[in-house]
Amino acid sequence: MQLTVLLIILALLTVIGYQMGRSRAVASVGGRVVELHSVPSYHGFYVALWAGLPALLLFAFWGASEGWLVMQMVLSGLPDRLVNGDAQSLGLLRADILNLAHGVATGREPDPEVVAAAERYLRLHALGDWSLLVIGCCIAIGGLLYARGRIDPDLRARNRVERTVNIALVICSLVAILTTIGIVLSLLFEAIRFFAVVNPLDFLFGTHWSPQMAMRADQVGSSGSFGAIPLFAGTLLITGIAMAVAVPVGLMAAIFMSEYASPGLRTWLKPILEVLAGIPTVVYGFFAALTMAPFVRDVGNSLGLSVSSESALAAGFVMGVMIIPFVSSLSDDVINAVPQSLRDGSYGLGATKSETIRLVVLPAALPGIVAAVMLAVSRAIGETMIVTMAAGLTANLTANPLDAVTTVTTQIATLLVGDQEFDSPKTLSAFGLGLVLFVVTLTLNMVALRVVQKYREKYD
């Protein structure tokens, strides 16, 4: 509540600061704005930045460190017997305090000292929020008054505002890059732990996938088998079926919209086709499981074929329908970007429309079309929900599209569902699969970019 109030107050002070800075700049030159170094709006932005930015930085710092700071203060007040244990017991203590503070049952009778620590955690948390509200308002008002007092005709407000915006843009870019690096490093770290237990060659070239492990030494259970070839084969099979549906249909749709459809018809067709990309994948999964899979099974049975209730064909077909907008929309944009002079030159030499499309337009647009197909392949490889609902979870090593198979992403989701032990090879195998998936999709994207860069200038 306090944080919401602070954000509302900061928004109001920022607006007020903008108006104050702008009006003061105009008043400082008696309305002759040409005498100002920067236009009045920059003076307004200058004051608004001083009013809002320092307090927002404080808000961000507090949001990032609040939990750790408050927890450290709470732990410092607990007896040594509770806080001097190993890292695992300390982690459980922190979890108990947080659960009790948020009203979540811990599953056992809590220690009275832990209950008191949870109450202290809530008090410190509330005190911190109120302190942040007061200090943030003071900083915002102070920044507003300071910046307003510096307004004069010679103030280089434009330079300072643009420099601040430039720094903000750089920070935003770094956040995205560092987040990506953090994801990759976390994936790599856990994958290394997995490959320390399972031989990478057995993982990459093994043909039997059964990650079930015995939980105790005296328990009768599987010792686990982590040969990922059936998962890779299932992924390739479903992706191949999906692309066999999406590429021809999407490409033909793109050719029609860009070369044959009237501008008015294209204006209607393209958004309607792109609506398919906005449908949640779980809806496609329902369609695949309830409609497509029974249809494929009935048709196969009527032809005397043995068809599984959950088949790669049903999942791949529906996935292909889902990917059609990716291929058609991107290919349409690429085909429309082909210079009209190439078409005119072809018509001038006596070529027909179909010959111009086949021999001039498509070769010119080929790099973009290849890039669109590569992106669609990456999308198909990463799809999970449709496969889970329509293709099953059986790790079969088969090339028969009428059998049930599973994919890498589906197994990752399965392995990480529910309470899992992150020291178990079964759970860590999800990170090994994720690393392989990351390398494959990254390679496909690099190939797509390389194709575009290599042939981009050829027809310019």
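The values are calculated or read from the model by the stated rules, or taken from the named source; none is laboratory data. Being a predicted model, the structure only gives us computed values, none of them experimental. Virtual Cβ from ideal backbone geometry, glycine too; neighbours counted across all protein chains shown. The area values use the complete protein model at the heavy-atom level, side chains included, leaving out ligands, DNA and RNA. Shrake-Rupley method; radii C 1.70, N 1.55, O 1.52, S 1.80 Å.
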With the first residue restricted to region 55-68 and required to be farther than 21 Å from residue 123 by Cα, and the second required to be small (Gly, Ala, Ser) and buried (at least 16 other Cβ atoms within 10 Å of the Cβ), Cβ contacts under 7 Å at 6 or more apart or on different chains are 55/136; 55/140
The listed residue being buried (at least 17 other Cβ atoms within 10 Å of the Cβ) and either at pLDDT 80 or above or out of contact with any Pro (no Cβ under 9 Å at 6 or more places or on another chain) (or both), out of 53, 82 | 53
Could you please tell me which pairs satisfy a Cβ distance under 7 Å, a separation of 6+ or placement on different chains, a first residue in region 132-146 that is touching a residue at least 12 places away in the same chain (Cβ under 8 Å), and a second residue that is small (Gly, Ala, Ser) and buried (at least 18 other Cβ atoms within 10 Å of the Cβ)?
-> 136/55; 139/55; 140/51; 140/52; 140/55; 143/51; 144/17; 144/51
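Among the residues in region 119-130, are any on the phi > 0 side of the Ramachandran plot and open to solvent by 50 Å² or more (accessible area, probe 1.4 Å)? Talk me through it step by step, then tell me what you get.
Initially, region 119-130 is screened for residues on the phi > 0 side of the Ramachandran plot, giving none.
The answer is no; no qualifying residue exists.
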The residue from 162, 190 that alone is among the acidic types (Asp, Glu) and in contact with a helix residue (DSSP H, G or I) (Cβ under 8 Å, 6 or more places away or on another chain) is 190
Given the conditions (1) closer than 30 Å to residue 141 by Cβ; (2) outside any helix (DSSP H, G or I), which single one is not true for residue 78?
-> (1)
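Being in the same structural domain as residue 23 (by the TED database), open to solvent by 60 Å² or more (accessible area, probe 1.4 Å), at pLDDT 85 or above and part of a helix (DSSP H, G or I) narrows it down to one of 145, 174, 185, so name that one.
Criteria check complete, one pass: 145.
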Has region 394-415 got any residue that is assigned by the TED database to the domain that holds residue 254, over 30 Å from residue 300 (Cβ atoms) and either modelled with pLDDT of 85 or more or more than 18 Å from the chain's Cα centre (by Cα) (or both)?
-> yes
Filtering region 6-50 down to residues that are under 17 Å from residue 160 (Cβ atoms), open to solvent by less than 50 Å² (accessible area, probe 1.4 Å) and not in a helix (DSSP H, G or I) yields 36, 38
